[in-house]
Amino acid sequence: MMREALGSGRVKVVTIVFAILGVLLMVLWLATNDGSSMSMFLALAGTGVISLAIMLYFFTPSRYLRDEVCDATAISTVLSLNQILSSMLVGTGGITSSNGGLIRVFIPISRVEEKDVASLNPGIEVFDVKGPIKGISLTPPGYGLFELTSGMGAVFTREGLESEMKDVLENGLELASSVSVRLDGSTITISMSGMANEDLCRSIRTGNPDVCTRTGCPICSFLACMAVSATGRKARIEKIEESGKAINITLRLL
């Protein structure tokens, strides 16, 4: 049972079961303590099971991937994708949108006025040339993180977007130690400090700063996915700034 639960990631459930079992053994020992060998055995068993529960709580047997290893798996893919777009002379900012639950980042082949964004409805094709706005429709780099949080039960709403984004980033995925989110009209400002993937963002900005506003890195793109899911509007990553140890991301709802 323990092996199956650990394999499924339910370490906390096993910890609780062990703690309850240990307490029951200690209660049984107190109720039958007569100085016999059996009483001593119950005391040792109860202490051992409680100790095991404590160790499972603080030292889980799950395998953790170091942040630099995780970053290395994503940097090359994101940079290569944007190098391809650059070679195709596609340099405009990407627009993240939701179409029937499908989230895509659409990169127009030419500058698009905000008044024309409403007619944008990217489909599943990579080269989207059917509508009045021509461009390239791609799966956002942060869509994997968005699917992960959705699978964990996270739901994003316009009314609770600020607290929901903060909770996911700080507690759900532990991507940052401190997060502040501010929704002001059509502008969403996210400030993150103590980022687990800080080197990822810095390496991508150093390699190709246009990535931030074209497709976005996995982290910034993830923020845009949460924003469009909550508001039902399209979003553009407007700018990325560093302020001390914090990274400030500005999203514009369209």
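The values are calculated or read from the model by the stated rules, or taken from the named source; none is laboratory data. Model, not experiment: these values are computed from the prediction. Glycine also receives a Cβ, built like all others from the backbone with ideal geometry; neighbour counts cover every protein chain displayed. Areas reflect the complete protein model, heavy atoms only, side chains present, ligands, DNA and RNA absent. Shrake-Rupley method; radii C 1.70, N 1.55, O 1.52, S 1.80 Å.
Structure summary
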{"item": "Breaking point among (1) touching a helix residue (DSSP H, G or I) at 6+ places or on another chain (Cβ under 6 Å); (2) assigned to a loop (DSSP other than H, G, I, E, B); (3) open to solvent by 20 Å² or more (accessible area, probe 1.4 Å), for Ala176", "result": "(3)"}
{"item": "Given (1) loosely packed, with under 15 Cβ neighbours inside 10 Å; (2) β-branched (Val, Ile, Thr); (3) at pLDDT below 75, number of the condition Thr47 does not satisfy", "result": "(3)"}
{"item": "Criterion (within 15 Å of Leu81 (Cα to Cα), touching a residue at least 60 places away in the same chain (Cβ under 8 Å) and open to solvent by less than 20 Å² (accessible area, probe 1.4 Å)) met by exactly one of Gly216, Gly207", "result": "Gly216"}
{"item": "Residue that is farthest from the chain's Cα centre (by Cα), among those in segment 151-164 that are assigned to a helix (DSSP H, G or I) and in contact (Cβ under 8 Å) with a residue 60 or more places away in the chain", "result": "Leu161"}
{"item": "Selection within segment 91-117 - basic (Lys, Arg) and either crowded, with 19+ Cβ neighbours inside 10 Å or in a strand (DSSP E or B) (or both)", "result": "Arg104"}
{"item": "Single residue of Met152, Met165, Met192 found to be open to solvent by 60 Å² or more (accessible area, probe 1.4 Å) and within 26 Å of Arg233 (Cβ to Cβ)", "result": "Met152"}
{"item": "The listed residue being under 15 Å from the mean Cα position of the chain (by Cα), crowded, with 19+ Cβ neighbours inside 10 Å and at pLDDT 85 or above, out of Ala235, Ala227", "result": "Ala227"}
{"item": "Positions within segment 33-44 being assigned to a helix (DSSP H, G or I) and either open to solvent by less than 30 Å² (accessible area, probe 1.4 Å) or of a type outside the set (Phe, Trp, Tyr) (or both), in sequence order", "result": "Ser37, Met38, Ser39, Met40, Leu42, Ala43, Leu44"}
{"item": "Cβ-Cβ under 8 Å pairs, at least 6 apart or on other chains, segment 104-120 side in the same structural domain as Thr139 (by the TED database), far side open to solvent by less than 10 Å² (accessible area, probe 1.4 Å) and of a type in the set (Phe, Trp, Tyr)", "result": "Leu120/Phe106"}
{"item": "Which listed residue, of Leu169, Leu173, Leu145, is within 15 Å of the chain's Cα centre (by Cα), farther than 24 Å from Ser86 by Cβ and modelled with pLDDT under 85", "result": "Leu173"}
{"item": "Tabulated pairs, segment 22-50, first polar (S, T, N, Q), second open to solvent by 50 Å² or more (accessible area, probe 1.4 Å), C-beta under 7 angstrom, 6+ apart or interchain", "result": "Ser39/Trp29; Ser39/Thr32; Ser39/Asn33"}
